[in-house]
1. Name the helices (runs of 4 or more DSSP H) wholly inside segment 91-148 in which the number of residues that are hydroxyl-bearing (Ser, Thr, Tyr) and farther than 20 Å from Gly170 by Cβ is 1 or more.
2. Counting only residues that are of a type in the set (A, V, I, L, M) and within 23 Å of Pro110 (Cα to Cα), which one in segment 67-90 is surrounded by the fewest Cβ atoms within 10 Å (Cβ to Cβ)?
3. For the subset of segment 40-61 comprising residues that are touching a strand residue (DSSP E or B) at 6+ places or on another chain (Cβ under 9 Å) and of a type in the set (S, T, N, Q), which member is surrounded by the most Cβ atoms within 10 Å (Cβ to Cβ)?
4. In segment 158-180, how many are in contact with a strand residue (DSSP E or B) (Cβ under 6 Å, 6 or more places away or on another chain) and in a loop (DSSP other than H, G, I, E, B)?
5. What number of residues in segment 62-90 are closer than 21 Å to Ala33 by Cα, in a strand (DSSP E or B) and in contact with a strand residue (DSSP E or B) (Cβ under 8 Å, 6 or more places away or on another chain)?
6. Would it be correct to say that Arg64 is surrounded by fewer than 17 Cβ atoms within 10 Å (Cβ to Cβ) and basic (Lys, Arg)?
7. If you go through segment 210-231, how many residues are assigned to a strand (DSSP E or B) and over 10 Å from Leu39 (Cβ atoms)?
Amino acid sequence: MTPRISPKLRVSGLDAWYGPAQILFDVALDVDAGEVVALLGRNGAGKSTTLRAIVGLVPRRAGRVIFEDADISALPTHDIARRGLGYVPEDRRIFTDLTVAENLEVGRQPPRAGAATWTPEQIYTLFPNLGGMRKRPGGQMSGGEQQMLTIGRTLMGNPSLVLLDEPTEGLAPRIVEQMADAILAMKRQGLSILISEQNVHFARLIANRAYIIEKGRIRFSGTVAELEAKPDIRDAYLAA
């Protein structure tokens, strides 16, 4: 029997608080190498807090986060990023006064063993919209273009795993389709991806497996096909 390779990311027993309010309760999830995993849930279910807790952006948390067989639970966010775990926040946070090309340069890091090395030209191939506006300031871009730029800037750090927080929220259907194509292209480059989403249809297009979170607790874990076969689960935890 072939032993199972350790997952790229393993989260176990993850609790998190904002002030006195506990938001996450014993969250556990895995992401394997080269896999896209969707963390699904309604607004306020705990998706964003889970991603923020993984990268150390929640001041009070407990549990274990293992990334590439190393325990990063107690590391500050900048050390986690240096290890090759990229994070794309929901609110984008681009530099509005810098051009597209300059924003990408801000994210540039040296090549990383075991991870694809990204260049600006590769980012422009991944997101053709950006290729036509290299000198445009970030503040003069649409929301969808800013989302592409934020992902591109993160890729310039040559991560081996990326956390994408609600990348399709508020985007036009045409841009959502482009985002799906880009995520699948990133996966073909060997990138592991954990994506928080409300859009089940989008998750169906890009994800291998899915977790559902509700009120800070994981309620479902399985393949996307298994989720599709359980409309009662979808209706209970994902229906508007």
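Where a number appears in this text, it was derived from the coordinates with a stated rule and is not lab data. No experiment lies behind these values; they were computed from the predicted model shown. Cβ: placed from backbone, ideal geometry, glycine included. Neighbour counts: every protein chain shown.
1. 120-126
2. Once the filter is applied, the top-ranked residue is Ala70.
3. Thr50
4. Number of matching residues: 2.
5. 9
6. Here the answer is yes, as Arg64 does meet what is asked.
7. 7
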